[in-house]
Amino acid sequence: MSDYSVKFHDLITRLQVVLSEIDYAQKACLQAGRMECMLLNYLYQTKAPANMNELAKVLNVSHSRVTRIMDNLVAKQMVTRKPSDDDRRCWFALITEKGTKIAENSLQTVVDQQSRILKKIPDKDIEVLFKHLKVYVEKYEEILKETYVEL
């Protein structure tokens, strides 16, 4: 491993801790688990009903896991189920007004955190930081896709 590989590994480990704190902030707003947050945020961002296959793919989980996540969100009145008009075996997830408010609060919490962080970084560095972080993330995603294709 090159010297930079070790340094990047250490920095990414620290970044993961920071990102888990952001995840914690989202959970605190939602009073839900990570997957519940992801499903709710997906429905909020797409502004459209989603079927079980779509949700399983987006969350990268099994259909039975999506069902359990949905059961939890339905019980909390954040999401409702609507049967398909075309296929009685299929249903769609719809975000409720309560779920929308919670997703908005969650997003606002994270945006507020990011704003506080960015205020501490000189303006001239923000664009450079974003550009380089974006390149790193894109290359990491490419490697992940290659890895999963090879499996």
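The values are calculated or read from the model by the stated rules, or taken from the named source; none is laboratory data. This is a predicted model, so every value here is computed, not measured. Don't worry about glycine lacking a Cβ; one is built from the backbone with ideal geometry, like all the others, and counts go over all protein chains shown.
Report, ordered by the first and then the second residue, all pairs with beta carbons closer than 7 Å, sequence separation of six or more or different chains, a first member in region 89-103 that is within 20 Å of T67 (Cα to Cα), and a second member that is in a loop (DSSP other than H, G, I, E, B) and among the hydroxyl-bearing types (S, T, Y).
From region 89-103, the pairs are C90/S84; W91/S84; F92/S84.
Just to be sure before I move on: is Q77 exposed (fewer than 13 other Cβ atoms within 10 Å of the Cβ), part of a helix (DSSP H, G or I), out of contact with any Cys (no Cβ under 7 Å at 6 or more places or on another chain) and in the same structural domain as H9 (by TED's automatic domain parsing) in the structure I sent? Can you show your working first?
Details: exposed (fewer than 13 other Cβ atoms within 10 Å of the Cβ): yes; part of a helix (DSSP H, G or I): no; out of contact with any Cys (no Cβ under 7 Å at 6 or more places or on another chain): yes; in the same structural domain as H9 (by TED's automatic domain parsing): yes.
Criteria not met by Q77.
Determine if region 118-126 includes at least one residue that is within 28 Å of G33 (Cα to Cα) and either of a type outside the set (A, V, I, L, M) or modelled with pLDDT of 90 or more (or both). Outline the logic, then answer.
Going residue by residue through region 118-126, those that are within 28 Å of G33 (Cα to Cα) are 118.
Still in the list and also either of a type outside the set (A, V, I, L, M) or modelled with pLDDT of 90 or more (or both): 118.
Within region 118-126, one or more residues are within 28 Å of G33 (Cα to Cα) and either of a type outside the set (A, V, I, L, M) or modelled with pLDDT of 90 or more (or both).
Residues are listed down the side, and each one gets a yes or a no for (1) among the charged types (D, E, K, R); (2) touching a Phe, Trp or Tyr at 6+ places or on another chain (Cβ under 8 Å); (3) not assigned by TED's automatic domain parsing to the domain that holds L133:
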site	(1), (2), (3)
M38	no, no, yes
L43	no, no, yes
V58	no, yes, yes
L73	no, no, yes
K82	yes, yes, yes
W91	no, no, yes
N105	no, no, yes
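Here is a yes/no grid of residues against (1) of a type outside the set (F, W, Y); (2) within 22 Å of the chain's Cα centre (by Cα); (3) more than 30 Å from H63 (Cα to Cα):
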| site | (1), (2), (3) |
| --- | --- |
| D87 | yes, no, no |
| A103 | yes, yes, no |
| D112 | yes, yes, yes |
| R116 | yes, yes, yes |
| K120 | yes, no, yes |
| K124 | yes, no, yes |
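If you go through region 33-63, how many residues are among the acidic types (D, E) and either farther than 14 Å from T80 by Cα or loosely packed, with under 14 Cβ neighbours inside 10 Å (or both)?
In the first step, residues of region 33-63 are kept if they are among the acidic types (D, E); the result is 36, 54.
Narrowing the set further to residues that are either farther than 14 Å from T80 by Cα or loosely packed, with under 14 Cβ neighbours inside 10 Å (or both) leaves 54.
Of the residues in that region, 1 qualify.
Could you tell me which residue of region 126-137 is nearest to the chain's Cα centre (by Cα), considering only residues that are closer than 17 Å to S5 by Cα and either exposed (fewer than 10 other Cβ atoms within 10 Å of the Cβ) or not aliphatic (A, V, I, L, M) (or both)?
That would be Y136.
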